[in-house]
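Trainee: I am attaching a structure below and will ask some questions about it afterwards.
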Amino acid sequence: MMKTRYLFLFLLTSCFLHLDAQPVLEIIKQHPAFAACNYNTYSDSLYKLTPAPKGKHPFYISHYGRHGSRYINSPKGYNIPYAMMIQAERIDELTPMGKKVLREMTTILNSSENRWGELAEYGRMQHQWIARHMMQQFPEVFEGNAWIQARSTVVPRCIVSMGAELIELTQGNPNLEITQEASNQHMWYMNHQDPVLKRAKLSPEAQKAYDKYISTRLGNSRLMEMIFKNPDIVKETVDETDFNYYLMKMGLFQLNTHLYQNTFLIDIFEPEELYRLWQIDNALWFAQYAHYKLNNNGDYPYVQRHLLRKIINDADSCIHLARHGVQLRFGHETVLLPLVCLLGINGYDLQTSNLEEIEGKGWWCSDIFPMASNLQFIFYRSHQNDKDILFKVLLNEQEARLPIPTDCAPYYHWRDFRRYYMQKINNFEKKKRLY
């Protein structure tokens, strides 16, 4: 009877996300930032969570989060369409709309100068929300002189994100005992770059399949006719594909900065055009970071096996402590995405060689790693010597599913999680001889 019950629950929780959700195009119509994939903005929503099983109380949180909204990493993404526009202006080929677009591009470039990659004020706000929500949802964990261990990669935007969250926690409880650190000593698990898996990040076969997938989604003749007087004349200096792609990115990216209220560049695009951009980027993220069978035989998410092992080992130690506490880790989307895929959260361990399948099966990267995206493991027990530790996973503060059986979803038994994932990591390392 118990085996039958576990099997049913396993099959139930293995279903893919978004079966009842809106199609991506409809989401983009309501929330254009969704089209930006990893530039998607974070929601200040406090989600309703399932109460803990009777007698269980939260006592420990393990977290990995991405930095908040930032300025673009380098001017390259802006300079590509801007240079094309300047050249068209020199030969008097801009329409009145084109001239307005150029003025907007100039404003965005000037406002970003010497801030490349920096955390924006909006990014600080996002981490304040997250810290506030944690204290509201799990107040027991933050009572009294609870301990907080915070670690960040050595990248400034991650360090500032960490600081923003810690300041908010301190305001909520000045008695918290906080330690924080950003050191190269922790980069082996905080932002691991596996040379073997990274070497074949996009194989020739995978690249060919990706190029075929995006071939019908490139370009935008409507945009060219809107901005240039004679598109055929400027085609020698304006690449339609690059111009369309980077101009959309420029508009979407500003939603993360102090210019977020000015959506002029976004508004010149039709939702269907933003949707095609999303498809192009969503497929690329899957091809490079997920279980894409044409690339690394689908093994790339194992690049975060060190982080997963560290999360497990840290939790094993912390659950024996008498005091409540939190471990916060601040890093990057290129870590969070493969970690989510490795864990198989919400069906994101999808394995396929067909890029046309991923959207229909709910593999939507924008849901995984908006700015300030985070994973939280919330641990529960009835008393300090409780041997049956339960936990649940929150992806961006929403309850998530794992591909392991449970009799108390969305809660899982820690012993089951530990056994399953340690075996998964060990089997991979034994097969690949990676240590």
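Trainee: Assign unit charges at the C-beta atoms only (+1 for Lys and Arg, -1 for Asp and Glu), then state the dipole size of segment 147-239 relative to its Cα centre in Debye, rounded to the nearest 20.
Mentor: Roughly 400 debye for segment 147-239.
Trainee: With every protein chain in place, what's the accessible area of Leu395 (1.4 Å probe, Å², nearest 10)?
Mentor: It works out to around 10 Å².
Trainee: 5 Å is the cut-off here: which amide hydrogens, built 1.01 Å from N in the peptide plane, fall below it relative to Phe228, excluding neighbours closer than 5 in sequence?
Mentor: Residues meeting the criterion, in which the H sits 1.01 Å from N, are Thr95.
Trainee: Another question, if that's okay. Give me the orientation-averaged projected area of the Cα convex hull of segment 255-337, in nm², one decimal.
Mentor: Quarter of the Cα hull surface area: 9.0 nm².
Trainee: Tell me which residues come under 5 Å, amide H to amide H, from Gln180 once H is placed; ignore anything under 5 positions away on its chain.
Mentor: Ala150
Trainee: Apply the Karplus curve 6.51 cos²θ - 1.76 cosθ + 1.60, θ = phi - 60°, to the phi angles in segment 248-264 and return the couplings in whole Hz, x for Gly and Pro.
Mentor: With coefficients 6.51, -1.76 and 1.60, one gets 4, 4, 4, x, 5, 5, 5, 5, 8, 10, 5, 8, 4, 6, 9, 9, 3 Hz.
Trainee: Rank these by accessible area, largest first, 1.4 Å probe: Glu357, Glu104, Glu143.
Mentor: Largest accessible area first, the list is Glu143, Glu357, Glu104.
Trainee: Now a separate question. Just want the answer: with Cβ charges of +1 for Lys and Arg and -1 for Asp and Glu, which residue in Ile80, Ile28, Tyr64 is farthest toward the dipole's positive end in the chain?
Mentor: Tyr64
Trainee: Just to check I understand the Karplus step: with θ = phi - 60° and J = 6.51 cos²θ - 1.76 cosθ + 1.60, what whole-Hz values come out for segment 368-375, glycine and proline as x?
Mentor: 7, 10, x, 3, 6, 4, 7, 10
Trainee: To the nearest Å, what is the center-to-center distance of segment 213-265 and segment 301-359, using C-alpha atoms only?
Mentor: 35 Å
Trainee: Provide the per-residue ³J(HN,Hα) series for segment 293-298, in order, calculated from phi with Karplus coefficients 6.51, -1.76, 1.60 and θ = phi - 60°, each as a whole number of Hz, with x at glycine and proline positions.
Mentor: 5, 7, 10, 6, 6, x
Trainee: Which value in nm describes the separation of the simple spin-label points at Ala322 and Glu140, placed 7 Å from the Cα toward the beta carbon?
Mentor: Placing both labels 7 Å beyond Cα along the Cβ direction yields 1.8 nm.
Trainee: If Lys100, Lys212 are ordered by their accessible area, calculated over protein heavy atoms with a 1.4 Å probe, which sequence runs from highest to lowest?
Mentor: Accessible-area ranking of Lys100, Lys212, largest first: Lys212, Lys100.
Trainee: Quick one: accessible surface of Glu397, probe radius 1.4 Å, all protein chains present, in square angstrom to the nearest 10.
Mentor: Probe radius 1.4 Å; accessible area of Glu397 about 10 Å².
Trainee: Express in whole angstrom the spacing between the alpha-carbon centres of segment 24-92 and segment 361-400.
Mentor: 19 Å
Trainee: What do you get for Rg/Rh of the chain when both radii come from the Cα atoms and Rh is the Kirkwood radius?
Mentor: 0.99
Trainee: Next question, about the same structure. Distance in nm between label sites at Glu429 and Gln87, each 7 Å beyond Cα in the beta-carbon direction?
Mentor: The answer from the label model is 5.1 nm.
Trainee: Moving on. Could you work out how far apart the two model spin labels at Asp211 and Glu270 are, taking each label as a point 7 Å from the Cα in the direction of the beta carbon, and quote it in nm?
Mentor: With each label placed 7 Å out from Cα toward Cβ, I get 2.8 nm.
Trainee: Let me check something: with ligands and nucleic acids excluded, how do Thr170, Thr352 order by accessible area (1.4 Å probe), largest to smallest?
Mentor: Thr170, Thr352
Trainee: Listed here are the pairs Lys198/Lys310; Lys76/Lys310; Lys48/Lys249; which of them are more than 31 Å apart at the Cα?
Mentor: Those over the limit are Lys76/Lys310; Lys48/Lys249.
Trainee: Here's another thing I want to ask about it. Expressed as a whole percentage, what fraction of the accessible surface of the chain belongs to carbon and sulfur atoms when a 1.4 Å probe is rolled over the protein heavy atoms?
Mentor: 51 percent
Trainee: With charges set only on the Cβ (+1 for Lys and Arg, -1 for Asp and Glu), what does the dipole of segment 109-159 come to about its Cα centre, in debye to the nearest 20?
Mentor: Taking the Cα centre of segment 109-159 as origin, the dipole is about 100 debye.
The values are calculated or read from the model by the stated rules, or taken from the named source; none is laboratory data. The structure displayed is predicted, hence computed values, not measured ones. Counting neighbours? That spans all protein chains shown, and the Cβs are built from the backbone with ideal geometry, glycine included. These area figures cover heavy atoms from the full protein model, side chains too; ligands, DNA and RNA do not enter into them. Shrake-Rupley method; radii C 1.70, N 1.55, O 1.52, S 1.80 Å.
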